[in-house]
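Everything on this sheet refers to the single structure shown next.
Only the coordinates and a few stated rules stand behind these numbers; no lab work does. As the structure is a prediction and not an experimental result, all values here were calculated from the model. Cβ coordinates were reconstructed from backbone atoms using ideal geometry, including for glycine residues, and neighbour counts include every protein chain displayed.
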Amino acid sequence: MAWNELTAEPRRHHTETQDETSEAETAQGAGTQVTTGKGATGRERTLARLRLLGAFRLEGANGDIPVPANEQRLLAYLGLHNRALRSVVAGTLWPDATEERAHGSLRTTLWRLRRLPHPVIGGDGDTLHLMEGVTVDVDDFTRTARRLTGAMHDQGDAPPPLAALVGGELLPGWDEEWISFERERLRQLRLHALESLSARLTRLGRYALALEAALTCVSIEPLRESAQCAVVAVHLAENNVVEAIRHYEAFRRLLREELGLEPSARFAAMFPYRAKGGTRAPSLTASTPERHDRSG
């Protein structure tokens with residue numbers, strides 16, 4: 001089978017215009033519509049949407065496109081890596097097979113994908129890639145999160161909606177090693193982005209949305225101190241000191257129960273000096289709770 005039978009042109013790198021369109025799609029969440037647009041030549045082309053967050057879905061112009069299991073794995077791999085050598089794809093997706101058998105499985109999978117309503121995977125020499133018209137929700141999320149957390153972020157830009165940063169776990173139930181690595185990478189990126197979003201919204205005085213972003217981060221990882229700090233920072237910005245202290249104390253109890261640790265001095269230093277004693281002590285109680293004995 002000639003690889004150029006699968007596609008007439010390779011998937012291009014994302015441009016700024018494509019980024020803006022993709023972020024707009026992300027903000028719409030699950031209701032994103034798959035539309036028809038024009039390529040560089042002016043010809044009409046169908047856009048497909050590959051969703052990997054929450055569950056695997058391939059959406060075409062007329063609704064979801066059924067994709068068998070092996071074909072899902074290939075589409076998911078390319079959706080996460082954009083481009084990959086055929087030998088790498090075959091060895092990753094069929095690690096227990098011989099090289100010859102793995103390449104045979106890959107050829108069969110590609111042949112089956114050609115039977116979909118429109119091409120979704122193309123080839124360029126020894127490289128496989130998604131077609132230009134196939135967008136991926138992970139790409140949209142990653143661009144939004146990196147723009148929010150990156151050093152080059154323009155503080156004058158409007159913060160993205162919270163919906164652009166939340167969503168399901170990457171391919172839940174898939175236990176392949178290459179999925180586990182990407183799942184953790186995206187989880188960490190989401191946590192950092194939510195904290196950054198909360199900080200930006202706090203500076204803008206949009207406290208309700210800032211608190212929602214911080215609490216969403218806490219719900220993902222309750223023992224993450226930086227996320228708990230984000231919640232406290234919103235309360236303090238609103239001069240809700242009592243709520244801030246209550247949240248701090250709740251985290252303090254959770255941390256001691258789960259890990260036998262205390263919050264960091266930096267966290268405690270977020271609170272103003274108390275009227276008596278001149279020490280920073282965010283506790284609502286008069287005495288400091290006894291620490292766990294770690295000596296065993």
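Which peptide among 246-257, 73-84, 160-171 comes first, and what is the full order, when sorted by highest mean count of other Cβ atoms within 10 Å?
The packing order, highest mean first, is 73-84, 160-171, 246-257.
If each of R185 and N82 carries a label point 7 Å out from its Cα toward its Cβ, how far apart are those two points in nm?
Roughly 1.1 nm, to one decimal.
Could you check the simple spin-label distance between R203 and S226, using points 7 Å along Cα→Cβ, in nm with one decimal?
Result for the modelled spin labels: 1.6 nm.
If amide hydrogens are placed 1.01 Å from N in the peptide plane, which non-local residues have theirs closer than 5 Å to the one on A84?
The list, which skips near neighbours in sequence, is L128.
Regarding region 82-178, what's the average projected area of the Cα-atom convex hull, expressed in nm²?
Seen from a random direction, the Cα hull of region 82-178 projects 9.0 nm² on average.
Quick one: which of 61-72, 215-226 comes out on top by average Cβ neighbours within 10 Å, and what's the full order, highest first?
215-226, 61-72
7 Å from Cα along Cα→Cβ at both A97 and N70: what's the point-to-point distance in nm?
My value for the distance between the label points is 0.5 nm.
Does region 197-251 come out rounded, prolate or oblate, given a ≥ b ≥ c as the square roots of the eigenvalues of its C-alpha gyration tensor, rounded meaning a/c under 1.5 and, failing that, prolate meaning a/b above b/c?
oblate
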